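First comes the structure, then the notes that go with it.
The values are calculated or read from the model by the stated rules, or taken from the named source; none is laboratory data. The structure presented is a predicted model; accordingly, all values stated were derived computationally and were not measured. Quick note on the areas: whole protein, heavy atoms, side chains included, nothing else; ligands and nucleic acids left out. Shrake-Rupley method; radii C 1.70, N 1.55, O 1.52, S 1.80 Å.
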Amino acid sequence: MNDKIWLSSPHMGGNELKYIHEAFNANWVAPLGPNVNGFEEDIEQFLKTDVKVAALSAGTAALHLALIECGVSQGDEVICQSMTFSASANPIAYQGAIPVFVDSEPDTWNICPVALEEAIKDRIAKGKTPKAIVAVHLYGMPFKVDEVMAVANKYNIPVIEDAAEALGSTYKGKACGTFGRFGVLSFNGNKIITTSGGGALVCHTQEDKDKTVFLSTQARDNAPHYQHSEIGYNYRMSNICAGIGRGQMEVLPSRVEARRKMHDFYVQLFKDIDGVTVFAEPDSDYYSNHWLSAIIVDPKVTGNSREDLRLALLEDNIESRPLWKPMHLQPVFSNSPYYGGNVSEQLFENGLCLPSGSNLTDEERERIATKVKEVFGK
Ligand SMILES: *Cc1c(COP(=O)(O)O)cnc(C)c1O
């Protein structure tokens, strides 16, 4: 059996261990310390915007705290892009709030601004103004930022930007994660860079960052003993994980470049195969980090479905995966309201994510190409 080719696997840069050793030498093996501060500053500089970043234990934790800071509580409604990873929606349930799912549009596969406004109007008519909007930059592709922000601003609803997959992506030259009231980043093992598990909340004021750090470290009041006037969480990033993050930030630009090259590889590979479309930027306003390369297969044209391709790749130990199954189709959210048509459903039906790691070799690309050509008869 050939070695496994993963969809997306961790890719260390080299200096991660140096930062971890520094932490060990100073005995900063704790959920705070110089690597945490350094990592936050690295991200702030990378985002090239006047933001304040709080490093946390996961992207999911960042989303949860963003919802809390937007005042979301029991019985509230929160709009959420349906086509996404469950982590975008779960924290809404943690708060005892109700997710209201909205369909995607076909250009960016992200939240449809038209369906979004329809949803807001209808929820208001039914008696509740949504407390927040969770919009996602899926696979690194920026959502329609101007259109989505215009709708959100019209109804004065804060946007929580789920940029977990989009570190290094930009819209009109501005970094994803910096448009909403809050931006969420993830450093999970499969993301474009990793801290082995971690996340961050991008804030726009020092006050919001301070609040985030306060909530993520058990909400301790300023007193010599342990004093609490609010419910807190254990969500802060450790100084060890942040050390990995510091090493990874040094190589982030080259990781974006490598993922974008994987996208170019697939564009070349599929250019003569009718009925297969490679997911790409709609125009030059959009710059995707192409965290995962994805395709849509039209089985009526190709004669083979995305499932045929997935199984053929698997025969050679190559991992691929259907696109995110929309949340409104998930059993756990079957009682939640949904607005829109069947765009996300169609994408899920015919879409496939292909190996996209920044550490893939020419030989591995060759194995992928061979299988693809076999399935589509080229
Ligand atoms: C990975 C991911 C998250 C969650 O991040 P974790 O760090 O794994 O908690 C949230 N939203 C999206 C879209 C993701 O891909």
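Ranked from the most accessible area to the least, with a 1.4 Å probe and all protein chains present, what is the order of K371, K126? Kindly include the intermediate steps, with their values, before the conclusion.
Numbers: K371 25, K126 135 Å².
Ranking K371, K126 by accessible area, largest first, yields K126, K371.
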Listed by chain and number, the lysines with an alpha carbon less than 19 angstrom from that of K52, same-chain partners under 8 positions apart left out, are K174, K209, K211
Which value in deg cm²/dmol, rounded to the nearest 500, describes the helix-derived mean residue ellipticity at 222 nm for the chain, given -39,500 (n - 2.57) per DSSP H run of n ≥ 4 and division by the residue count?
-11500 deg cm²/dmol
What Kirkwood hydrodynamic radius, in Å, does region 253-376 give when the mean of 1/r is taken over all pairs of distinct Cα atoms and then inverted?
15.7
Shape of region 1-155, Cα gyration tensor, a/c cut at 1.5
prolate
Assign one of three labels to the chain, namely rounded, prolate or oblate, based on the Cα gyration tensor with a ≥ b ≥ c the square roots of its eigenvalues; rounded applies when a/c is under 1.5, prolate when it is not and a/b is larger than b/c, and oblate otherwise.
oblate
Please report, as a whole percent, how much of the solvent-accessible surface of the chain comes from carbon and sulfur atoms (probe radius 1.4 Å).
50
Distance violations [Cα-Cα > 27 Å] among K131/K325; K18/K191; K144/K300
K144/K300
Give me the number: length gained by fully extending T129 to R321, i.e. 0.36 nm times residue separation minus the C-alpha to C-alpha distance, one decimal in nm.
65.5 nm
With every protein chain present, what is the per residue accessible area of the chain (1.4 Å probe, Å²)?
42
Share antiparallel - DSSP beta bridges, the chain, percent rounded to 5
60
Just the accessible area for M149, please: 1.4 Å probe, Å², rounded to the nearest 10?
40
Using only protein heavy atoms and a 1.4 Å probe, report how much of T205 is accessible, in Å² to the nearest 10.
60
For D362 and L314, calculate 0.36 nm times their separation in residues minus their Cα-Cα distance, and state this gained length in nm to one decimal.
15.4 nm
Scoring the chain by relative contact order with C-alpha pairs under 8 Å, at least six apart, yields a percentage of 24
Using Cα-Cα distances under 8 Å and only pairs 6 or more residues apart, what relative contact order does region 84-147 have, in percent?
32
Gyration tensor (alpha-carbon) shape descriptor, region 118-267, a/c threshold 1.5
oblate
Among V301, V102, what's the order by accessible area (1.4 angstrom probe), most exposed first?
V301, V102
For T195, T277, give the ranking by accessible area with the largest first, probe 1.4 Å.
T277, T195
At 1.4 Å probe size, what's the solvent-accessible area of E345? Round to the nearest 10 Å².
70
